[in-house]
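Peer 1: One structure, as structure tokens, below. Some questions next.
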């Protein structure tokens, strides 16, 4: 019941946390264990021993009086005082040795604590640099993906146009001139430049990203890119031999694969935020518009696919 009240009441929860922290602290020393007492006590003991020797000497002189008995008593008193001084000196030396050892232990502990804090700071800095390097390796993918989307928007409609021109030329004559096929060749050169840059960006990210979840997302993105790259080559080849309808069907299938590539880009961004940055995913959509789709989603849509 007490635990339930502590969970509901913030004051009780704070008090329980304070009690738990107090239980971890060392016990409070007694008054005779205070540092000032330990420092003053050797001096007090020394003064008491000197006073005791002086009092003993005075007592023996008063009791023995003059003569040989007084001299003997004085000798005994002097011996007692010398012994007391020797004992006091040994005790003071022992106290000094103990204090020196305690000071050395305290200094060693402070030095160890400083080293531990320095190691912790260095570890935090290295971890921050490692995360920064991973994020910097992922960032070029977005730039190259926009370039790839732009190239796809321009190139994907060329095979259909070439297939249509080829069919019309075949109706008029039995042969096909090289000029009809040249647009496909030019389009594939442009597509190759864009895919090469994207391939390099993904390869760099695959080498630098060490976080498991994000590395997996980048790998899936790269695999999907290779699928799109291969399918684009097939569509371009179909424009040389297949009908316009077949090319349109193949291109629509390619549009679906390109859409999967765009969605995997979002998965990489989310994984990087959650597992590298260490923050929860935020829905930044405004009026149904996702900022992560702006500049990429529309570019991937060809005129035919948007109908």
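The values are calculated or read from the model by the stated rules, or taken from the named source; none is laboratory data. Bear in mind the structure is a predicted one, so any value in this text is a computation, not a measurement. All Cβ positions, glycine included, derive from the backbone under ideal geometry; neighbour counts span all protein chains shown.
Peer 1: For a quick check of your reading of the model, give me the residue pairs whose first member lies in region 166-188 and is closer than 20 Å to residue 154 by Cα, whose second is assigned to a helix (DSSP H, G or I) and at pLDDT below 80, with beta-carbon atoms closer than 7 Å and at least 6 apart or on different chains.
Peer 2: Short answer, once both residue conditions are applied: 166/180.
Peer 1: Taking the condition surrounded by 14 or more Cβ atoms within 10 Å (Cβ to Cβ), in contact with a helix residue (DSSP H, G or I) (Cβ under 6 Å, 6 or more places away or on another chain) and either over 24 Å from residue 270 (Cβ atoms) or in the same structural domain as residue 267 (by TED's automatic domain parsing) (or both), does residue 197 pass?
Peer 2: In short, yes.
Peer 1: Here is a follow-up. Any idea how many residues of region 137-152 are closer than 24 Å to residue 212 by Cβ and in contact with a helix residue (DSSP H, G or I) (Cβ under 8 Å, 6 or more places away or on another chain)?
Peer 2: Residues flagged as closer than 24 Å to residue 212 by Cβ and in contact with a helix residue (DSSP H, G or I) (Cβ under 8 Å, 6 or more places away or on another chain) within region 137-152 amount to 7.
Peer 1: Does residue 165 qualify as being assigned by TED's automatic domain parsing to the domain that holds residue 195 and not in a helix (DSSP H, G or I)?
Peer 2: Spelling it out, it is not the case that residue 165 is assigned by TED's automatic domain parsing to the domain that holds residue 195 and not in a helix (DSSP H, G or I).
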